[in-house]
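Enquirer: Can you read through this structure? Questions will come right after.
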Ligand SMILES: Nc1ncnc2c1ncn2[C@@H]1O[C@H](COP(=O)(O)O)[C@@H](O)[C@H]1O
Ligand SMILES: Nc1ncnc2c1ncn2[C@@H]1O[C@H](COP(=O)(O)O)[C@@H](O)[C@H]1O
Ligand SMILES: Nc1ncnc2c1ncn2[C@@H]1O[C@H](COP(=O)(O)O)[C@@H](O)[C@H]1O
Ligand code: NA
Ligand code: NA
Ligand code: NA
């Protein structure tokens, strides 16, 4: 099975801000992303748990986006503009994919 | 702490197809996998959101499966047979685990 | 965009045990972690599905924790003490982050 | 005729339709309103359970007659045959490729249980009688259309043969689909436990039923609106028109059959509604497995975004009026 | 006065307050009790839908009068103005930095619909009449405070200008916030469908309403308790005190306005309750986008952990007693 | 005797049992029917809240007597002692290793609140009176068995000592378990608010109660069926038989105690049912922490897949008949 090297970006960010981020991804050349709900966590701003939030505020999601390395720098720049003032982390890792048409 | 190198396969696929995929993994020598629900996303077929789906169709899940590198090629082959005609992506990365009996 | 190399620890563990693990992480120098709910899976102890569990027992979660490599060994040691007797897996991988103050 | 218009207007101002419109408007305006998916699924389960149970209890009270068998046979025949007609019309009038046309056709042969429920409530509001066993006809019509749809796609597209090996398990999955199991199971439990069972369950499945239905329709409106917004461009005018004339064609056929069988107005109106309704739960899920090349953005939006609101707002009162004239 | 104390005691022993206390106690004792988030969201939606619909149906029955317009204008004025006062007080009496003070201030200008609902039930239990259209006043008071809050932060902090480009879409998001859409939409549907609609919906939205409210308050107690436990240290004594005297100040202002407008006791009590209540759904979400530097641990805990229980247990009976004296 | 058979048959054809059977059959046939987990959790919470509240309101009406203390003492004694007997029997008759046997034993000492609820409904359907405070006995019996189970495992297996340091927090977690907190909390709220509180809550917690129970039992059937299918092989014939004779043994002991204490038939039947029932919520969760080496596939399936249906279908009418004879 032939594998193609790509970059996997994982962004952990508040749900209320997620739409702004995906709007940005939609405008850039990113071909796809998937959003995963988080259940809880801890950071410098304290502990949170999904079942203990009456408002959407505070609830985090992870956005996973696999892209070609050639687009990494530009994409990270645009992501950074959104997350700069927000709570949240951005992590990049190496992956290999079996079909390359999606990225 | 001794770490053992393994491969992490992440498959993003429609929930309605997931059972077919896990049935295949069950038949191969894969010792375990975990399924995570996605909340939404975008791809070539457009945007989806879990709260906006009346049918199970369209809802994606991520299947994470950590295996020994020696099994990678055979496992990917079998995964490919299922996902070939379906929406979905398959990404492989390197991980190290602290117990090796599970893989 | 400047990227900083870090370690990503992913722990798949039973929800009933998760609080013990995060209590341990809280006591160590770990600056943050995020918990993701799993939907189902299979391992040596058989198949499980979130919708088929009447008790919290059996339900797995994934705890993702990004830390500096300098803390890896100590953190893994403390994680191991909790997961040693439990069902569950611990996998470590390399990532790069765009802000380093969180880790 | 005036009467028909009056009834139509009354229907448009019922809480059910208005909540659907609220959801539709909210989605089109990009409101973040949403019904959490697990709760929406629970509402749907509740509606299935309640309509099945009440149908069964009704059978326990009023008894069965030969008409039921006749109706089930007619329903199955419609479910098998309508997709063939729908496919031909789509190929003639729309630019949809074969596999999409086959998938859409399958939806129109199958049925929408919420449309059926809305028709039940409408008949009740008009004090028109009908038999509880019609719910069994609804259940019987769910699956056959899927077979026709797959057959249509295979006949025209050699490529889709590759999936054939999975079909054994696919047909089992269709028949054991959660909503069908609850509908049929609750029907039998209602039948077995009869009046006494209904008395036990009534404060849960009868009294709040219409309110739950209104809430569910709010969610349907939201989903339909988001589907319409998301598929802008994907859906051409011809396909949208198809979503409105196809139910009328199916309804005409079913109406003729109802007249031929000599049904009473209420049962006729329900049979016609079933024929005219299009699936958006069971069939889309089956299509993702059997015909993955068909685009959900097309079939889900036509069925839920066009035909469902059409039937809810205009179709049901129309079919009822027609059934009353013909029978 | 004795009477006030008796009513206060009766309120403290109502199922509503007791379920809140149960949740609070469970959270403080670190029980793992929790209401699953999708279900809690569904309960909240249900309460909005029910209170909106009943308000609308009430308007259909009793009609509208000019008072409503006056009340809406007063409510909007309060929502715009109270944050300015709150901000000034916070800056004077507490060590909170400007951006946190602005965010907290916005919460106290906006309203808590569950506090409003609890006040409705309290008035009903005391057989005090009020108008259904007050729910429209509640809806109108949700958003203006957010604008004042953002303006306060911007005026004092050049840094937060960077987010300005997003504001167009932010204001749209606030107005199309899911809970406002359901509240207002259900209000209009209740108005349009009137008595008949209410009859249809009553077994769902009227009969079980108080029970659902009790369950929801159990969840609010859990969340408030966890918030208080988690923010130990973050909240100083001055800010906690603010969470109790600020509602009294807002209430006094609204009471004076109510007397000036010559409202009846019930409507006055509700207007005062709205002014005294603090938001914990719409405003926190807006603040995360508009003022991300403000700390949720501060504003969410003050509004939900301090002011909400204060109003629920003591505020509502107090405001009602005051409204009865003044009007 | 004939009477017993008639009652047994009637029980088997009740909506409750039939919905359980529907779920069981659907799961065994591999249907994809499922109740979303957050909703199932909400149903379970609702049942706890309702049964607790009604019990408390009943105490407020009828008062307490010394019998309650006696019953609680007896219940706690059963919960502590039954696991010792169960463990001995399992070691004698089954091939289960010690740690599994200890974990299973703990389940049979503790209780199943849904079995208790089903027994309540059964007694009501038979017009047999019982006291509301029995729910307090149920709450008291939840936890002691867990201590015995852990002690049995530790006594026989030095390895499990490693977990000992965590026990302080474990016992706190058990006592503050969400379902116990709601049950006990709602009991006290029902007691405090009495008749008036019940009137407020009745349309939510009394009227739809049986319907919700039926839906919950559908889910229990699904889970039990999936458990049985998944653990094929893991469960030997001896362990399955144990799941049916153990409740009968516990029932016999409790019946003797009930006769000795001179209980009325209804209370006796409920005490016997509690003794005969096995936990599947609190104990499995505690076992995963305290005895992680014990296999959930064994204990969860025995308790939910074997003993629960046995009690639901046969046990409850049997225990009731026996209680009526003995008292
Ligand atoms: N090092 C980390 N690893 C994983 N998740 C993190 C980490 N730091 C923060 N998070 C997540 O991001 C949220 C906000 O972080 P913070 O801004 O530090 O409070 C936390 O509640 C976690 O869910
Ligand atoms: N590059 C990507 N990174 C992450 N997820 C993706 C990517 N492409 C597609 N997906 C996910 O896969 C689904 C189907 O993709 P597609 O077949 O391209 O429509 C999308 O809705 C996303 O949830
Ligand atoms: N190799 C694996 N890859 C991913 N998840 C796994 C793997 N092995 C086990 N798991 C997860 O861990 C749970 C318990 O594993 P086990 O202890 O082997 O039964 C399984 O149900 C899976 O959810
Ligand atoms: Na049809
Ligand atoms: Na206010
Ligand atoms: Na027991």
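The values are calculated or read from the model by the stated rules, or taken from the named source; none is laboratory data. On a predicted model such as this, the values are computed, not experimentally measured, just so you know. Ideal geometry is used to build each Cβ from the backbone, glycine not excepted, and the neighbour counts take in all protein chains shown.
Enquirer: Checking the condition more than 8 Å from chain C (Cβ to nearest Cβ), away from ligand 4 (no atom under 16 Å from the Cβ) and at pLDDT below 90, which residue from B:50, B:99 passes? Quick ask: steps written out before the conclusion?
Expert: Working: B:99 fails: more than 8 Å from chain C (Cβ to nearest Cβ).
When all the criteria are applied, what remains is B:50.
Enquirer: Among the residues of the stretch A:75-87, how many are within 9 Å of chain C (Cβ to nearest Cβ) and touching a strand residue (DSSP E or B) at 6+ places or on another chain (Cβ under 8 Å)?
Expert: Residues flagged as within 9 Å of chain C (Cβ to nearest Cβ) and touching a strand residue (DSSP E or B) at 6+ places or on another chain (Cβ under 8 Å) within the stretch A:75-87 amount to 4.
Enquirer: Same structure again: Among the residues of the stretch C:34-46, write down those that are farther than 13 Å from residue F:227 by Cβ, more than 16 Å from ligand 2 (Cβ to nearest atom) and either touching a strand residue (DSSP E or B) at 6+ places or on another chain (Cβ under 9 Å) or part of a strand (DSSP E or B) (or both).
Expert: C:34, C:35, C:37, C:38, C:40, C:41, C:42, C:43
Enquirer: Another question about this same structure. Give B:85, B:19 a once-over and let me know the one that is closer than 24 Å to residue C:58 by Cβ and either surrounded by fewer than 22 Cβ atoms within 10 Å (Cβ to Cβ) or modelled with pLDDT under 95 (or both). Show your work before the answer.
Expert: Working: B:85 fails: closer than 24 Å to residue C:58 by Cβ.
Exactly one residue qualifies, and that residue is B:19.
Enquirer: Can you spot a residue in the stretch F:124-135 that is free of Cβ contacts under 8 Å to residues at least 24 places away in the same chain and over 29 Å from residue F:222 (Cα atoms)?
Expert: Residues of the stretch F:124-135 free of Cβ contacts under 8 Å to residues at least 24 places away in the same chain: F:124, F:127.
Right, trim to over 29 Å from residue F:222 (Cα atoms) and you get F:127.
Within the stretch F:124-135 (the criterion being free of Cβ contacts under 8 Å to residues at least 24 places away in the same chain and over 29 Å from residue F:222 (Cα atoms)), the answer is yes, since at least one residue qualifies.
Enquirer: Just to be sure, is residue D:239 in a helix (DSSP H, G or I), modelled with pLDDT of 95 or more and out of contact with any strand residue (DSSP E or B) (no Cβ under 7 Å at 6 or more places or on another chain)?
Expert: On the way: in a helix (DSSP H, G or I): yes; modelled with pLDDT of 95 or more: no; out of contact with any strand residue (DSSP E or B) (no Cβ under 7 Å at 6 or more places or on another chain): yes.
No: the conditions fail for residue D:239.
Enquirer: Test each condition in (1) in a helix (DSSP H, G or I); (2) within 16 Å of ligand 6 (Cβ to nearest atom) for residue F:298 and report the one that comes out false.
Expert: If we test residue F:298 against (1) in a helix (DSSP H, G or I); (2) within 16 Å of ligand 6 (Cβ to nearest atom), just (2) comes out false.
Enquirer: Could you say which residue among D:81, D:102, D:138, D:60 is touching a residue at least 12 places away in the same chain (Cβ under 8 Å) and either under 25 Å from residue D:217 (Cα atoms) or within 16 Å of ligand 2 (Cβ to nearest atom) (or both)? Walk me through how you get there before you give the answer.
Expert: Details: D:81 fails: either under 25 Å from residue D:217 (Cα atoms) or within 16 Å of ligand 2 (Cβ to nearest atom) (or both); D:102 fails: either under 25 Å from residue D:217 (Cα atoms) or within 16 Å of ligand 2 (Cβ to nearest atom) (or both); D:60 fails: either under 25 Å from residue D:217 (Cα atoms) or within 16 Å of ligand 2 (Cβ to nearest atom) (or both).
D:138 is the lone residue from the list that is touching a residue at least 12 places away in the same chain (Cβ under 8 Å) and either under 25 Å from residue D:217 (Cα atoms) or within 16 Å of ligand 2 (Cβ to nearest atom) (or both).
Enquirer: Another question about this same structure. Would you confirm, using the coordinates I've provided, whether residue B:61 is in contact with a helix residue (DSSP H, G or I) (Cβ under 7 Å, 6 or more places away or on another chain), away from ligand 6 (no atom under 16 Å from the Cβ) and not in a loop (DSSP other than H, G, I, E, B)? Step through it out loud before you land on a result.
Expert: Details: in contact with a helix residue (DSSP H, G or I) (Cβ under 7 Å, 6 or more places away or on another chain): yes; away from ligand 6 (no atom under 16 Å from the Cβ): yes; not in a loop (DSSP other than H, G, I, E, B): yes.
Yes: the conditions hold for residue B:61.
Enquirer: List every residue pair whose Cβ atoms sit under 6 Å apart, with the two residues 6 or more apart in sequence or on different chains, where the first one lies in the stretch F:265-292 and is over 14 Å from residue F:254 (Cβ atoms) and free of Cβ contacts under 8 Å to residues at least 24 places away in the same chain and the second, anywhere, is assigned to a loop (DSSP other than H, G, I, E, B) and away from ligand 4 (no atom under 16 Å from the Cβ).
Expert: Close Cβ pairs satisfying both conditions: F:288/C:57.
Enquirer: For the stretch F:25-36: of the residues being surrounded by fewer than 22 Cβ atoms within 10 Å (Cβ to Cβ) and in a helix (DSSP H, G or I), which is nearest to the other protein chains (Cβ to nearest Cβ)?
Expert: So the residue we want is F:25.
Enquirer: Also, I was wondering about something else. Are any of the residues in the stretch A:51-62 crowded, with 17+ Cβ neighbours inside 10 Å and either within 16 Å of ligand 3 (Cβ to nearest atom) or more than 27 Å from residue D:30 (Cα to Cα) (or both)?
Expert: no
Enquirer: Oh, and also: Between a first residue in the stretch A:29-41 that is within 14 Å of chain C (Cβ to nearest Cβ) and a second residue that is surrounded by fewer than 22 Cβ atoms within 10 Å (Cβ to Cβ) and assigned to a loop (DSSP other than H, G, I, E, B), which pairs have beta carbons less than 7 Å apart while being 6 or more apart in sequence or on different chains?
Expert: Final answer for the pair search is A:35/B:39; A:36/B:39; A:37/B:39; A:41/C:32.
Enquirer: Considering only the stretch F:272-284, state which residues are away from ligand 3 (no atom under 16 Å from the Cβ) and not in a loop (DSSP other than H, G, I, E, B).
Expert: Within the stretch F:272-284, the first condition is being away from ligand 3 (no atom under 16 Å from the Cβ), and the residues that meet it are F:272-283.
Matches in the stretch F:272-284: F:272, F:273, F:274, F:275, F:276, F:282, F:283.
Enquirer: In addition: Exactly one of these conditions fails for residue E:248: (1) outside any helix (DSSP H, G or I); (2) over 23 Å from residue E:57 (Cβ atoms). Give me its number.
Expert: Against the list (1) outside any helix (DSSP H, G or I); (2) over 23 Å from residue E:57 (Cβ atoms), residue E:248 comes up short only on (1).
Enquirer: Assuming residue C:93 fulfils every condition listed in (1) surrounded by fewer than 22 Cβ atoms within 10 Å (Cβ to Cβ); (2) without any contact (Cβ under 8 Å) to a residue 40 or more places away in the chain; (3) in a strand (DSSP E or B) apart from one, which condition is it?
Expert: Looking at each condition in turn, residue C:93 falls short on (2).
Enquirer: Taking the conditions exactly as written (over 20 Å from residue E:185 (Cβ atoms), more than 20 Å from the chain's Cα centre (by Cα) and away from every other protein chain (no Cβ under 14 Å)), does residue E:58 satisfy them or not?
Expert: no
Enquirer: Check off (1) away from chain E (no Cβ under 14 Å); (2) under 20 Å from the mean Cα position of the chain (by Cα) for residue F:67 and give me the number that stays unchecked.
Expert: Result: residue F:67 passes all but (2).
Enquirer: Among the listed residues F:110, F:79, identify the single one that is in contact with a helix residue (DSSP H, G or I) (Cβ under 9 Å, 6 or more places away or on another chain), within 14 Å of another protein chain (Cβ to nearest Cβ) and surrounded by 21 or more Cβ atoms within 10 Å (Cβ to Cβ).
Expert: On the way: F:79 fails: within 14 Å of another protein chain (Cβ to nearest Cβ).
Testing whether each residue is in contact with a helix residue (DSSP H, G or I) (Cβ under 9 Å, 6 or more places away or on another chain), within 14 Å of another protein chain (Cβ to nearest Cβ) and surrounded by 21 or more Cβ atoms within 10 Å (Cβ to Cβ) leaves just F:110.
Enquirer: Select from the stretch D:253-296 the residues that are within 16 Å of ligand 2 (Cβ to nearest atom) and out of contact with any helix residue (DSSP H, G or I) (no Cβ under 7 Å at 6 or more places or on another chain) and list them in ascending order.
Expert: D:292
Enquirer: If you take the residues in the stretch A:1-28 that are in contact with a helix residue (DSSP H, G or I) (Cβ under 6 Å, 6 or more places away or on another chain) and part of a helix (DSSP H, G or I), which one is nearest to the other protein chains (Cβ to nearest Cβ)?
Expert: A:16
Enquirer: Separate question: Return yes when residue F:295 is under 23 Å from residue F:81 (Cα atoms) and more than 16 Å from ligand 5 (Cβ to nearest atom) and no when it is not. Talk me through it step by step, then tell me what you get.
Expert: Details: under 23 Å from residue F:81 (Cα atoms): yes; more than 16 Å from ligand 5 (Cβ to nearest atom): yes.
The answer is yes for residue F:295.
Enquirer: Also, I was wondering about something else. Anything in the stretch A:64-83 that is touching a residue at least 60 places away in the same chain (Cβ under 8 Å), under 11 Å from the mean Cα position of the chain (by Cα) and not in a helix (DSSP H, G or I)? List them, or say none.
Expert: Passing the criteria: only A:66.
Enquirer: From the list C:23, C:49, pick out the single residue that is closer than 30 Å to residue F:299 by Cβ and out of contact with any strand residue (DSSP E or B) (no Cβ under 7 Å at 6 or more places or on another chain).
Expert: It is C:23.
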